[in-house]
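The values are calculated or read from the model by the stated rules, or taken from the named source; none is laboratory data. Every value quoted in this text rests on a predicted model; they were computed, and no experiment measured them. Cβ sites come from the backbone with ideal geometry, for glycine too, and all protein chains shown count toward neighbours. These area figures cover heavy atoms from the full protein model, side chains too; ligands, DNA and RNA do not enter into them. Shrake-Rupley method; radii C 1.70, N 1.55, O 1.52, S 1.80 Å.
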Amino acid sequence: MTDTTQEQRLVDAARQGDEGAFESLVRLYEKRVFALAVRMCGNQEDAAEAAQEAFLAAWQGLRFFRGDSSFSTWLYRLTSNACVDLLRREGRHRSAAGPSLDDEELNCDVPDAAPSPQEEAERRELRAQIEEGLRALSPEHRQVLVLREMHQLSYDEIADTLDLDVGTVKSRISRGRKQLRNFLLRSGNFLAAPPSKETGKEGCQ
């Protein structure tokens, strides 16, 4: 966990043009930024490009950083936006690597016991189908799903990170999950949830 006092000292120094302080901030966050970029872009080459753009944007915009949110939240926003820009620019809708989406929402609970060879093969097939489904999502829908399901951010944190209202975040997550569910249903790798379960999940709480 990053010490907030240390982080604030580094941010303050970097805002004054201290390149060494900014390099320290990069070292503190480069792994998390790269992990987010890989999930968004789907491969390390594009992720490295997006992460580099995010840190460059942070350095150039640091003097305008007001501290309304934490530095990490602001950096996540820059990273996510850089990934969306890259996906739009290149027309790439690539899958996030190794997704692990909400078990209840996807109706694909994984048992604690070691799976049999057949179960393991089925899980690999399901994972491949999830990746293919994510590939079809728009950058905006993949963006919120990655932050929610893979980085475990709350709705409020995602809203803060992406500068969106919470209602928009919930709507995008709901639509993204529905699109992914429908894709899995069509592929035959996913059983429809009972109607009573679906009607009780308004807002994806």
Got a sec to turn the phi values of the range 69-77 into Karplus ³J(HN,Hα) couplings, 6.51 cos²θ - 1.76 cosθ + 1.60 with θ = phi - 60°, whole Hz, x for Gly and Pro?
10, 5, 4, 5, 5, 4, 5, 4, 4
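Just the Kirkwood number for the range 138-177, please: inverse of mean 1/r across all distinct Cα pairs, in Å, one decimal.
Numbers: mean 1/r = 0.1051 Å⁻¹.
It is 9.5 Å.
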Once ligands and nucleic acids are excluded and a 1.4 Å probe is used, how much of GLU53 is accessible, expressed in Å² to the nearest 10?
60
Expected unfolding gain across VAL26-ARG63 under the 0.36 nm per residue rule, minus the alpha-carbon gap, is 11.7 nm
So SER171 and ASP156, fully extended at 0.36 nm per residue minus their Cα-Cα distance, gain in nm 4.1 nm
Between the modelled labels at LEU56 and ARG88 (7 Å from Cα along Cα→Cβ) the distance in nm is 1.8
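Under unit Cβ charges (Lys, Arg +1; Asp, Glu -1), what dipole magnitude, rounded to 20 debye, does the range 1-40 have relative to its Cα centre?
Using Cβ point charges on Lys, Arg, Asp and Glu, the range 1-40 gives about 260 debye.
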Cβ-Cβ FRET estimate between ARG9 and GLU49, R0 fixed at 41 Å, reported to 0.05
0.85
Taking 0.36 nm per residue of sequence separation and subtracting the Cα-Cα distance, how much length would be gained by fully extending the chain between GLN16 and ARG123, in nm to one decimal?
33.4 nm
